[in-house]
C-alpha cells in the first residue's frame, strides 16, 4: 500500500513560505558579504520554496487546468516538490490560472546556473556581479510581493516579510548609490 511521506497541508505551505522568506534574506546577506554565488543559490531556492507553496495553495486550480490525466496526477502527488526540471512547466500552468511567475522562474534558473558555473562564458548567463545583483533584486522583490499577496496570514509571516522588505530597500538603495543600473 502506498503511503504519503509528507502531509501536504497548511503547515506545509507555512513552512515553505518561511523557507522562501529566510532564503530571500540570506540571498541579500550572502551577496553583500561577497558570496555572490551562494547568494544566487539562495535566491533560486527561495523561488523553489515559493512555487512549492503556491502549488499546494492552488492545487485544485492547477489540476482543473491540466488537460491530461497524467498531468493531473503529477500535480496532485508530486507538484508540491517543485522539482527544478519542472519549474518552467509549473510557471506555464500558473500563468494559465492568472498567477504570473514564469519570468521569476526564468531568472531563478539563471541564478541557479550562475551558482554552479560562475562567470564561465560557455555556461553562465551573466558577465559581471552587477547583473547578478540586479537579478537577485528582481527575484527577492517578486518573492516579497507574491508572499505579501498570497500568504501574509499570520504574524510571523508578516514580520519576516516586513524584515525582507526593509533589507531589500537597503540593498536597492546601496545599488542606487553605487550608480549601478537596475
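The values are calculated or read from the model by the stated rules, or taken from the named source; none is laboratory data. These numbers come from a predicted model, not from an experiment. Here the Cβ is made from the backbone with ideal geometry for all residues, glycine too, and neighbour counts use every protein chain on show.
Hey, any hits in the stretch 124-132 for a residue that's buried (at least 20 other Cβ atoms within 10 Å of the Cβ) and modelled with pLDDT of 95 or more?
Yes, the stretch 124-132 contains a residue that is buried (at least 20 other Cβ atoms within 10 Å of the Cβ) and modelled with pLDDT of 95 or more.
Right, residue 80: farther than 23 Å from residue 8 by Cα, in contact (Cβ under 8 Å) with a residue 60 or more places away in the chain and either under 12 Å from the mean Cα position of the chain (by Cα) or in a helix (DSSP H, G or I) (or both) or not? Steps first, please.
Details: farther than 23 Å from residue 8 by Cα: no; in contact (Cβ under 8 Å) with a residue 60 or more places away in the chain: yes; either under 12 Å from the mean Cα position of the chain (by Cα) or in a helix (DSSP H, G or I) (or both): yes.
So residue 80 does not fit the description; no.
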Check the stretch 33-40 and report whether any residue there is out of contact with any strand residue (DSSP E or B) (no Cβ under 6 Å at 6 or more places or on another chain), surrounded by fewer than 16 Cβ atoms within 10 Å (Cβ to Cβ), at pLDDT 95 or above and at positive phi. yes
Could you check the stretch 26-60 and list, in sequence order, the residues that are closer than 22 Å to residue 126 by Cβ, over 12 Å from the mean Cα position of the chain (by Cα) and assigned to a helix (DSSP H, G or I)? 26, 28, 29, 30, 31, 32, 36, 37, 38, 39
Working carefully through the options 103, 26, 50, find the one that is closer than 26 Å to residue 169 by Cβ and surrounded by 20 or more Cβ atoms within 10 Å (Cβ to Cβ). 50
Taking the stretch 97-124, which residues are free of Cβ contacts under 8 Å to residues at least 12 places away in the same chain and at positive phi? 98
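To keep it simple, each residue is scored yes or no on (1) closer than 16 Å to residue 171 by Cβ; (2) touching a strand residue (DSSP E or B) at 6+ places or on another chain (Cβ under 9 Å); (3) touching a residue at least 12 places away in the same chain (Cβ under 8 Å); (4) crowded, with 21+ Cβ neighbours inside 10 Å.
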residue: 15; (1), (2), (3), (4): no, no, no, no
residue: 30; (1), (2), (3), (4): yes, no, yes, no
residue: 55; (1), (2), (3), (4): no, no, yes, yes
residue: 59; (1), (2), (3), (4): no, no, yes, no
Among helices (runs of 4 or more DSSP H) entirely inside the stretch 92-182, those with 2 or more residues being closer than 14 Å to residue 21 by Cα and over 14 Å from the mean Cα position of the chain (by Cα) are 155-178
Tell me whether the stretch 67-77 contains one or more residues that are modelled with pLDDT under 95, assigned to a helix (DSSP H, G or I) and either in contact with a strand residue (DSSP E or B) (Cβ under 9 Å, 6 or more places away or on another chain) or crowded, with 18+ Cβ neighbours inside 10 Å (or both). yes
